[in-house]
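Chemist: Sending over a structure as structure tokens; questions will come in a sec.
The values are calculated or read from the model by the stated rules, or taken from the named source; none is laboratory data. Everything numeric in this text was worked out from a predicted model, so none of it was measured. Note: ideal-geometry Cβ built from the backbone for every residue, glycine included; neighbour counts use all protein chains shown. Keep in mind that these areas ignore ligands, DNA and RNA; they rest on the heavy atoms of the full protein, side chains included. Shrake-Rupley method; radii C 1.70, N 1.55, O 1.52, S 1.80 Å.
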Amino acid sequence: MAIQNRKSRRKGVALLLVLGILATTLGIGFVLIQQSATTANLSVNVDHQQRARLAAQTGIMIGLRAVQEGTWAGVATSTSQDLGNGDSFTISYAIGDPRLNQSSTAAEWAEYAMRVTISVVGTSQPAQPGMAASTHNKQAVVQLVRKQFQSSPAGWSDVQSYTLYAWDDGKALNMELPFCVHGDCYLQGALTLADSYPNDEGNGKFEGRVDDLDIWGSWTTYDPMGAPTVTWSGFEWDFDETDPATVSVDLQGNQDAVFAGVVLDKDGRNPDPDNAIEIKSGNTISLGGIDVWSNSQLSISVWIYLQKHNPRDHVIVEKSDGTNVYWAVGVDKNKAYFEVRSEGQTKRAKGTTKVKKNEWTHITGVYEDEDVKVYVNGVLDKTVAHSSSSSIVDTNSGAAVIMGRHAPGSALVRYLTDTMRLAKATAGPFEIDLRPFNGDITYHGPNQPKATKDLLKKNLGLVTSETPRDDTPPATHPGTVTSYQLFDGGPTYNIPVMPAEISGTEYTFDALTNPLGIYRCTGGLTLNDNSSITGMVITDGTVTVSGSDVTMDATNLPGLDGDSTIYQIPAVVGGSDIKVETGAANCQWQGLVYASKFELLESSVSSFQLTGKLVTPEIIVNKRSGWDLGESWWQSALNTFLSAEDGDGYYFPTSLGLSPVPAFYIQPETSATEYLWPDWSQPLYEADPTDGVLRWKIIWME
């Protein structure tokens with residue numbers, strides 16, 4: 001019994017051992033199976049992550065190709081593509097560059113609106129149920145390679161060459177001193193230049209050459225064709241100077257002659273073919289306020305080469321205070337004359353010999369023994385007895401002596417001529433050229449008064465040319481513009497509306513919402529003190545500048561590939577007038593300004609400076625307060641100036657006690673700048689002209 005029980009216990013222990021071994025074996029097998037399954041899942045995940053990455057890579061390449069080929073739908077769009085076997089990608093396009101912000105450099109921030117971010121999500125979905133999809137993100141940023149702008153209207157190219165483009169032949173161009181328009185000008189309308197200032201146009205103008213002028217006051221013997229034997233030294237000018245001389249030396253050392261617009265280096269008379277001077281269009285030579293010493297003798301001799309007959313006097317040389325002529329030599333209706341004032345009475349001896357054009361003629365006037373005589377080529381031509389009892393020639397050191405027209409001449413002509421002299425001076429007192437115009441002038445000839453043509457060509461020394469009548473505007477106002485687009489596929493930017501009046505406010509561009517800085521006004525716009533606009537303003541009505549320190553700056557557009565030219569859109573497109581009121585001062589504008597009329601009102605403080613272009617059919621620059629002093633004031637000021645003039649470096653504009661610095665000043669840009677006139681219903685930048693698509697360069701890619 002005991003033996004059987006021990007056998008039964010041994011069998012139970014063996015069974016337990018077998019069961020334990022089986023359990024261990026099964027456990028190990030389960031672990032191995034579980035490990036095998038995990039390894040398989042890991043392998044599947046790694047495979048799908050790689051496939052998602054490849055899908056993203058494929059998507060970025062397709063996205064880049066789409067923008068290059070022009071097949072994309074534009075920014076703020078997305079597209080997806082199934083690659084099969086659970087793989088796919090989604091491409092989205094957004095304007096800008098996520099790496100840029102307002103802290104970036106100005107150059108980079110300006111390119112924000114020219115860049116597009118391409119974002120791709122690659123996806124791989126395992127086939128096994130319950131397994132999550134693998135994804136991979138990839139980005140690239142591209143920038144537009146700008147090949148060309150949209151074309152401006154056909155007539156707009158004409159504007160590019162001119163600082164002032166006044167295109168309507170029926171509109172007025174009234175411009176009063178002091179103003180400056182530097183650069184070339186196109187003028188269809190009639191230009192009225194400085195009409196408020198006395199011109200005395202045509203009064204005694206001499207047209208021709210002059211050589212060897214001698215003035216003597218006392219002699220013992222006299223030769224009408226040669227120098228007398230003198231007891232008192234007089235004045236003697238041979239006019240042998242060459243360009244760029246501005247004075248002729250008195251060989252007697254008493255009074256140099258000052259040139260005001262005469263032409264040098266002309267051939268002199270035979271048989272002494274030295275240099276001579278040429279006087280035209282009211283230009284003059286100033287001899288100060290010279291007098292002969294109180295005596296009963298006076299002689300004036302000169303060689304002339306008359307180039308134009310005039311029904312009025314041709315004044316060769318004259319001493320006058322504007323009211324009284326003290327002595328003069330000239331040609332009246334082709335006959336030489338000499339006149340002298342003594343004891344308040346003037347007598348003129350006018351010859352009978354015809355002074356011929358285009359040949360040298362010697363004229364001498366002699367006063368002695370109370371007789372007034374005139375000689376032509378050494379031959380006595382006329383004698384007139386003077387009725388004075390003392391026979392002493394009247395003197396007045398305050399009366400000017402000039403050659404070329406009646407003294408003291410035209411205040412306007414001398415003012416303009418001296419602005420030309422100042423411009424030619426190597427070291428003038430002003431930093432700017434004070435001439436009202438200093439570039440080439442293209443005008444519609446029949447519209448321009450002869451006096452204006454003479455002032456431009458002969459007193460300001462400008463090159464002028466004529467153009468046919470044409471009142472076609474180079475462009476038209478764009479009307480109501482509410483949005484714009486930079487390139488096809490880019491975002492549409494809404495144009496903000498400005499209030500009708502601004503003061504102490506700055507408007508500028510915003511790279512995110514308004515990259516060109518375009519603003520619009522549904523009516524007019526009034527700009528008060530410290531108003532500032534950087535960009536472009538389009539108005540339906542009048543722009544009124546009523547405050548001081550008003551600035552306007554056009555922005556430089558992102559340029560074209562390989563082109564250093566600066567491109568701009570207009571700073572102002574006015575639907576009506578631009579009016580600078582009397583309180584406006586220190587107004588600095590830059591860019592192209594377009595308006596139906598530009599007017600600077602009369603003021604003592606108004607100042608408006610534009611660097612760029614003015615395109616308008618009509619321009620009115622009113623006179624500066626304090627300058628409209630009347631004809632007698634201006635002529636008296638001229639006489640005082642001429643009688644005191646002594647050599648070079650003495651200029652009429654700087655002698656008046658009035659500042660000649662212009663209130664209205666336009667100058668071109670110093671760098672090459674092209675101004676565009678876009679059609680705002682179309683993108684500003686156009687496709688590459690060689691293949692008709694936009695081109696892009698990769699800025700960066702993950």
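Chemist: Any residue that is among the aliphatic types (A, V, I, L, M) and surrounded by 22 or more Cβ atoms within 10 Å (Cβ to Cβ) - is there at least one of those in region 214-223? Give the derivation first.
Modeler: Residues of region 214-223 that are among the aliphatic types (A, V, I, L, M), as a first pass: 215.
With the extra rule that they be surrounded by 22 or more Cβ atoms within 10 Å (Cβ to Cβ), the set shrinks to 215.
Scanning region 214-223 turns up at least one residue that is among the aliphatic types (A, V, I, L, M) and surrounded by 22 or more Cβ atoms within 10 Å (Cβ to Cβ).
Chemist: Kindly check whether there is at least one residue in region 178-200 that is among the acidic types (Asp, Glu), modelled with pLDDT under 95 and open to solvent by less than 30 Å² (accessible area, probe 1.4 Å).
Modeler: Step one: list which residues in region 178-200 are among the acidic types (Asp, Glu), which gives 184, 195, 200.
Next cut, modelled with pLDDT under 95 only: 195, 200.
Then keep just the ones that are open to solvent by less than 30 Å² (accessible area, probe 1.4 Å); that gives none.
The answer is no; no qualifying residue exists.
Chemist: Taking region 549-567 as the search range and keeping residues that are open to solvent by 30 Å² or more (accessible area, probe 1.4 Å) and in contact with a Gly (Cβ under 9 Å, 6 or more places away or on another chain), which one is nearest to Lys613 (Cα to Cα)? Step through it out loud before you land on a result.
Modeler: From region 549-567, those open to solvent by 30 Å² or more (accessible area, probe 1.4 Å) are 549, 551, 553, 556, 561-566; that's our starting set.
Adding the requirement that they be in contact with a Gly (Cβ under 9 Å, 6 or more places away or on another chain) leaves 553, 565-566.
Values: Asp553: 12, Thr565: 16, Ile566: 14 Å.
Going through the qualifying residues, I end up with Asp553.
Chemist: Filter region 652-672 for residues that are assigned to a strand (DSSP E or B) and open to solvent by 30 Å² or more (accessible area, probe 1.4 Å) and give the result. Don't jump to the end; show me each part of the working.
Modeler: Step one: filter region 652-672 for residues assigned to a strand (DSSP E or B), giving 664-667.
Gln667, the sole residue that qualifies.
Chemist: Looking at (1) within 19 Å of Asn530 (Cα to Cα); (2) within 24 Å of the chain's Cα centre (by Cα), find the lone condition where Ser503 falls short.
Modeler: Of (1) within 19 Å of Asn530 (Cα to Cα); (2) within 24 Å of the chain's Cα centre (by Cα), only one is false for Ser503: (2).
Chemist: Still on this structure: Working only within region 614-638, note down all residues that are closer than 23 Å to Gln667 by Cα and open to solvent by 30 Å² or more (accessible area, probe 1.4 Å).
Modeler: Let us first name the residues in region 614-638 that are closer than 23 Å to Gln667 by Cα, namely 614-624.
Selection gives Glu618, Asn622, Lys623, Arg624.
Chemist: When region 509-527 is examined, which residues are found to be farther than 24 Å from Ser596 by Cα, in a loop (DSSP other than H, G, I, E, B) and either open to solvent by 60 Å² or more (accessible area, probe 1.4 Å) or among the acidic types (Asp, Glu) (or both)?
Modeler: Phe509, Leu512, Thr513
Chemist: Could you grab the pairs with beta carbons closer than 8 Å, sequence gap of 6+ or different chains, first residue in region 153-173 and within 17 Å of Ala595 (Cβ to Cβ), second one assigned to a helix (DSSP H, G or I)?
Modeler: Tyr165/Asp158; Tyr165/Val159
Chemist: Further, regarding this structure: Can you find a residue that is surrounded by 24 or more Cβ atoms within 10 Å (Cβ to Cβ) and farther than 14 Å from Cys180 by Cα anywhere in region 438-446?
Modeler: yes
Chemist: Could you please find all residues in region 346-378 being in contact (Cβ under 8 Å) with a residue 60 or more places away in the chain, open to solvent by 30 Å² or more (accessible area, probe 1.4 Å) and farther than 30 Å from Val263 by Cα?
Modeler: Answer for region 346-378, where residues must be in contact (Cβ under 8 Å) with a residue 60 or more places away in the chain, open to solvent by 30 Å² or more (accessible area, probe 1.4 Å) and farther than 30 Å from Val263 by Cα: Glu368, Asp369, Glu370.
Chemist: Which condition number in (1) in contact with a strand residue (DSSP E or B) (Cβ under 8 Å, 6 or more places away or on another chain); (2) modelled with pLDDT of 85 or more is the one that Thr690 fails?
Modeler: Result: Thr690 passes all but (1).
Chemist: Among Pro515, Pro496, which is at pLDDT 95 or above and over 28 Å from the mean Cα position of the chain (by Cα)?
Modeler: On the way: Pro515 fails: over 28 Å from the mean Cα position of the chain (by Cα).
The conditions single out Pro496.
Chemist: Please state which one of Leu434, Leu455, Leu486 is under 30 Å from Thr513 (Cα atoms) and touching a residue at least 40 places away in the same chain (Cβ under 8 Å). Break it down into steps so the answer makes sense when it comes.
Modeler: Numbers: Leu434 fails: under 30 Å from Thr513 (Cα atoms); Leu455 fails: under 30 Å from Thr513 (Cα atoms).
Of the residues listed, the single one that is under 30 Å from Thr513 (Cα atoms) and touching a residue at least 40 places away in the same chain (Cβ under 8 Å) is Leu486.
Chemist: Checking the condition open to solvent by 50 Å² or more (accessible area, probe 1.4 Å) and either touching a residue at least 40 places away in the same chain (Cβ under 8 Å) or not in a loop (DSSP other than H, G, I, E, B) (or both), which residue from Pro678, Pro683, Pro689 passes? Before the answer, list the steps.
Modeler: Details: Pro678 fails: open to solvent by 50 Å² or more (accessible area, probe 1.4 Å); Pro683 fails: open to solvent by 50 Å² or more (accessible area, probe 1.4 Å).
Selected residue: Pro689, the only one of Pro678, Pro683, Pro689 that is open to solvent by 50 Å² or more (accessible area, probe 1.4 Å) and either touching a residue at least 40 places away in the same chain (Cβ under 8 Å) or not in a loop (DSSP other than H, G, I, E, B) (or both).
Chemist: Every residue in region 449-461 that is assigned to a helix (DSSP H, G or I), surrounded by 14 or more Cβ atoms within 10 Å (Cβ to Cβ) and not hydrophobic (A, V, I, L, M, F, W, C), please. Talk me through it step by step, then tell me what you get.
Modeler: Filtering region 449-461 for residues assigned to a helix (DSSP H, G or I) gives 450-459.
Applying the additional criterion that residues be surrounded by 14 or more Cβ atoms within 10 Å (Cβ to Cβ) yields 451-459.
Passing the criteria: Thr452, Lys453, Asp454, Lys457, Lys458, Asn459.
Chemist: What is the residue count in region 462-508 for residues that are in a loop (DSSP other than H, G, I, E, B) and open to solvent by 80 Å² or more (accessible area, probe 1.4 Å)? Walk me through how you get there before you give the answer.
Modeler: First, the residues of region 462-508 that are in a loop (DSSP other than H, G, I, E, B): 462-463, 467-482, 486-491, 495-496, 498-500, 503-505, 508.
So of that shortlist, the ones also open to solvent by 80 Å² or more (accessible area, probe 1.4 Å) come out as 463, 468-469, 472, 476, 480, 488.
Going through region 462-508 one residue at a time, the tally reaches 7.
Chemist: Give me a count of the residues in region 632-682 that are modelled with pLDDT under 85 and among the charged types (D, E, K, R).
Modeler: The number of residues fulfilling the criteria is 3.
Chemist: Still on this structure: Filter region 136-164 down to residues that are closer than 30 Å to Ala687 by Cβ and among the hydroxyl-bearing types (Ser, Thr, Tyr) and give me whichever is surrounded by the most Cβ atoms within 10 Å (Cβ to Cβ). Outline the logic, then answer.
Modeler: Restricting attention to region 136-164, the residues satisfying the condition of being closer than 30 Å to Ala687 by Cβ are 138-161.
Filter once more, keeping what is among the hydroxyl-bearing types (Ser, Thr, Tyr): 151-152, 157, 161.
On the way: Ser151: 14, Ser152: 18, Ser157: 13, Ser161: 16.
Restricting to residues being closer than 30 Å to Ala687 by Cβ and among the hydroxyl-bearing types (Ser, Thr, Tyr), the top hit is Ser152.
Chemist: Mind counting the residues in region 252-271 that are assigned to a loop (DSSP other than H, G, I, E, B), at pLDDT below 75 and open to solvent by 60 Å² or more (accessible area, probe 1.4 Å)?
Modeler: Narrowing region 252-271 to residues assigned to a loop (DSSP other than H, G, I, E, B): 252-256, 261-262, 268-271.
Filter once more, so that each one left must be at pLDDT below 75: 261, 268-271.
Filter once more, so that each one left must be open to solvent by 60 Å² or more (accessible area, probe 1.4 Å): 270-271.
Total satisfying the criteria: 2.
Chemist: Considering only region 528-566, how many residues are assigned to a strand (DSSP E or B) and in contact with an Asp or Glu (Cβ under 8 Å, 6 or more places away or on another chain)? Lay out the reasoning, then the answer.
Modeler: From region 528-566, those assigned to a strand (DSSP E or B) are 532-534, 536-539, 543-545, 551-553, 556, 566; that's our starting set.
The next check asks that each one be in contact with an Asp or Glu (Cβ under 8 Å, 6 or more places away or on another chain); those that pass are 532-534, 543-545, 566.
The total comes to 7.
Rundown of residues vs (1) modelled with pLDDT of 95 or more; (2) in contact with a strand residue (DSSP E or B) (Cβ under 8 Å, 6 or more places away or on another chain); (3) outside any loop (DSSP other than H, G, I, E, B); (4) closer than 13 Å to Ile304 by Cβ, yes/no style:
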| position | (1), (2), (3), (4) |
| --- | --- |
| Val329 | yes, yes, yes, yes |
| Tyr337 | yes, yes, yes, yes |
| Val340 | no, yes, yes, no |
| Arg348 | no, yes, yes, no |
| Lys357 | no, yes, no, yes |
| Ile363 | yes, yes, yes, yes |
| Tyr367 | no, yes, yes, no |
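Chemist: If you don't mind, there's one more thing I want to ask. Among the residues of region 568-592, count how many are open to solvent by 30 Å² or more (accessible area, probe 1.4 Å) and under 20 Å from Tyr665 (Cα atoms).
Modeler: Selection size over region 568-592: 8.
Chemist: For region 322-345, give me each residue that is in contact (Cβ under 8 Å) with a residue 60 or more places away in the chain, over 10 Å from His406 (Cα atoms) and open to solvent by 30 Å² or more (accessible area, probe 1.4 Å).
Modeler: Hit for region 322-345 is Asn324, nothing else.
Chemist: Another question about this same structure. Filter region 593-613 for residues that are open to solvent by 30 Å² or more (accessible area, probe 1.4 Å) and closer than 17 Å to Thr542 by Cα; which is modelled with the lowest pLDDT?
Modeler: Taking region 593-613 as the starting set, the residues that turn out to be open to solvent by 30 Å² or more (accessible area, probe 1.4 Å) are 596-597, 599, 601-602, 604-605, 607, 609.
After this cut, where a residue has to be closer than 17 Å to Thr542 by Cα as well, the list is 596-597, 599, 601.
Values: Ser596: 96, Lys597: 96, Glu599: 94, Leu601: 89.
Step by step, filter region 593-613, then rank; the result is Leu601.
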